[in-house]
Amino acid sequence: MGVPGEFRKITGRGVGLEDKIMEVLMIPQISEAELYNAFLSGAREVKKARQYMNSINIFPVADGDTGSNLDAMMQYILDEASLKPTPKETMESIADAALVGARGNSGLIFAEYINGMSLEMEASEQLSLPVLMETMDRAVPYASHAVSTPVEGTMLTVMREWGRALMDSALAEDLGHRLDLALEQVRETLAQTARLNPFLRRENVIDSGAKGFVCFLEGFVRYLRGDRTEVEQVEEEPLTTDFRDVHFTEGELVHRYCTEILIDSGVGMEEGFGEELKAMGDSLLIAANAHKTKVHIHTNDPMRVASFLMNHGTITQQKIDDMFREFEAIHNRKYPIALVVDSVAEIDPELLSRYQIHVVPLQILAGGHVFLDGLSINGERYFELEDTLEEPPSSSLPNPRHIESVLKLLTETYDSIVVMTVASALSGTYEAFRKAAEKIRETGYSIDVIDTCLNSGAQGLASLLTARDIDAGLSHSQVVERARERCRQTRILVSVASLKPMIRSGRISRRAGAVLEAVGIRPIVSLDEKGKGVLEDKALSLAGSEKKILNRIRRVHREQGIGSYCIVEGRGLPRARRLAEACREITGKDPEYIASVSTVIAVNAGSNTTAVCYLAGGRPEEGETV
């Protein structure tokens, strides 16, 4: 441990007198356990203010999630950081957890501040309070360096004032009083953010990220000052401002996606690393240590950002938020009921926007990288990468923490939530949503998670029609009842061009697949009533499989009626258009939409795949072609 700067100045001596100085001046020493618990105390204080921070979050984007982002990062610190043998090692553990768990602008700035503390802290068995204060001051430039375009009246302003206040009171006799003085100055600076930042001045609110940092300091300082109360249950502060009263227009959101990507490389510490990224969006933040780099950027093209970063390291984590949809939920909510689907549900993007459907992406594991379905990778991008992959790609359910975060945020703006997931027989997504919903339901909130027993366009079609029920003003219970019945009546018929993806994924054995491929069999795949994949039929050519699908559509329409249908395709648009035209002749109706397949379906069904998805039970009206 080094001698504090002020004592070096006073004595003119170096490290050799450290123990003597500490003994004579009775300078408080902080153990690794005290440092660790002080951080946990600060983290819990931030979590208390989650809703309040969301309510005043209008800069840089009024998407109302700063509190949720900081809450998530602090929870990651609480869960993943651990007590180590020395203060520096403990600080490194906290910094690593903060970097991995960081979300949003404020989260990444905060994480880089903590990272700066870990880098500036000297390795020793004890840490004096003055040295800790000096370390916190030295961490401020790390946070500033993470921001490509720093703005006054934000978290950075408060961080800088905190460091300055600690150093200004350096010669105070009572070190505890020194902390109190610095904290009081920071609170005053927090209040000033309402006039320093023009965006905040317009609505007369303080900066939400700065509020989070001050909350952390209050918990941190309180612990160091002797209040060692262990708080296991975090009680949130009451909401004092309704963020729906803050008025903005969607046009102010220049870039749609808040994109955060973590790679297993310290490349972010290199000069010039961010230059190419600057052209991809705004609000660029880069936080890095020797082993990891986390990039935050607001962009309209997350795929481009991911493609760039995968050339600099392995992508291990992503979080991409649709700020347009978040903005609408807070400031322009159309309905009292929120409809949530996972990314396997294929719906035309224009319809997703029209009905404000919230999409939670599944994760795609390809080439060692982690992608988010529909955001940092889609079916077309996957087909471009497919031949370069050494190992079979796979999909996994959405991150459970992200599911909880999305649902928790929606509870703050909607009266109830309906979730429609991919078949539980195919994915653990339903179970992940169900567990998250249980926690919310315990609070008395109305939320239902429906296992559609469907996938692909069939899941998308059932979800779209449920969105229309919400649009028509049906009650929550009516929406759920009709959605469950509709799922039972919806079917999918998939014409697969090649069996290789199914063989590779294990859905068909290699031996059986080789035989079918050898004789040129083209299967027609569907799902049974429980959502399990079944071989519905087979043909000797793609044209033959299309003919059999249309014969099935013709029979179903004659016997039951087809109320609605859609077509989905994976690099099979000409085939999809042919099927749509034929279905139009049979039913007398246009398809609800023709959409590209999700990455999950692309991985498992392959290129040149097409599918017809339909809702049975809508009797043909007089004059319709049968």
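Here MET167 and SER396 are evaluated by their C-beta separation; at R0 = 60 Å the FRET efficiency comes out at 0.80.
Extension gain, LEU365-ASP227: 0.36 nm per intervening residue step, less the Cα-Cα distance, totals 45.1 nm. Over the chain, average the accessible area per residue using a 1.4 Å probe and give it in Å², no decimals. Each residue of the chain exposes 41 Å² on average to a 1.4 Å probe. Against the chain, whose longest principal axis is taken from its Cα atoms, helix 542-559 shows a tilt of about 80°. Bridge orientation summary for the stretch 296-418: considering DSSP beta bridges with both residues in this region, about 50 percent are antiparallel.
Against the chain, whose longest principal axis comes from its Cα atoms, helix 208-224 is set at around 50 degrees. Treating r as the C-beta distance of LYS530 and GLU559 and R0 as 22 Å, the FRET efficiency rounds to 0.45. Nearest 10 degrees is fine. How inclined is helix 87-101 to the longest principal axis of the chain, computing both from alpha carbons? Approximately 30 degrees, to the nearest ten.
The length gained on full extension between GLU581 and ARG488, counted as 0.36 nm times the residue separation minus their Cα-Cα distance, comes to 30.9 nm.
When nucleic acids and ligands are ignored and a 1.4 Å probe is applied, CYS583 ends up with an accessible area of around 0 Å². Model label sites at GLU275 and ASP590, defined 7 Å from Cα along the beta-carbon direction, differ in position by 4.9 nm. Projecting the Cα atoms of SER446, PHE433, ILE521 onto the dipole axis of the stretch 415-549, where Lys and Arg carry +1 and Asp and Glu carry -1 at the beta carbon, places ILE521 farthest toward the positive end.
Out of all DSSP beta bridges with both ends in the chain, state the antiparallel percent to the nearest 5.
Numbers: 52 of 70 bridges.
Here the antiparallel bridges make up roughly 75 percent for the chain.
Length gained on full extension, GLN126 to ASP264, computed as 0.36 nm times the residue gap minus the Cα-Cα distance: 46.6 nm.
Surface composition of the chain: carbon plus sulfur atoms contribute 48% of the solvent-accessible area (1.4 Å probe, protein chains only, all chains present). The alpha carbon gyration tensor of the stretch 414-567 gives principal lengths a ≥ b ≥ c with a/c of 1.5 or higher and a/b no greater than b/c, which makes the shape oblate. Straight-line cross-link partners of LYS292 among the lysines, defined as a Cα under 25 Å from its Cα and at least 8 positions apart when in the same chain: LYS84, LYS88, LYS278, LYS319. Distance between the modelled labels on LEU389 and ILE30, one decimal in nanometres: 4.7 nm (7 Å Cα→Cβ projection). On the basis of the beta-carbon distance and an R0 of 30 Å, GLU517 and LEU573 show a calculated FRET efficiency of 0.80. Charges were assigned to the Cβ only: +1 to each Lys and Arg, -1 to each Asp and Glu. The resulting dipole of the chain about its Cα centre is roughly 2460 debye. In this rough spin-label picture, where each label sits 7 Å from Cα along the Cβ direction, the ALA290-GLN478 distance is 6.4 nm.
The values are calculated or read from the model by the stated rules, or taken from the named source; none is laboratory data. Quick caveat: nothing in here was measured; it's all calculated off a predicted structure. When we count neighbours, we look across all protein chains shown, and the Cβ atoms used for this are built from the backbone with ideal geometry, even at glycine. Areas reflect the complete protein model, heavy atoms only, side chains present, ligands, DNA and RNA absent. Shrake-Rupley method; radii C 1.70, N 1.55, O 1.52, S 1.80 Å.
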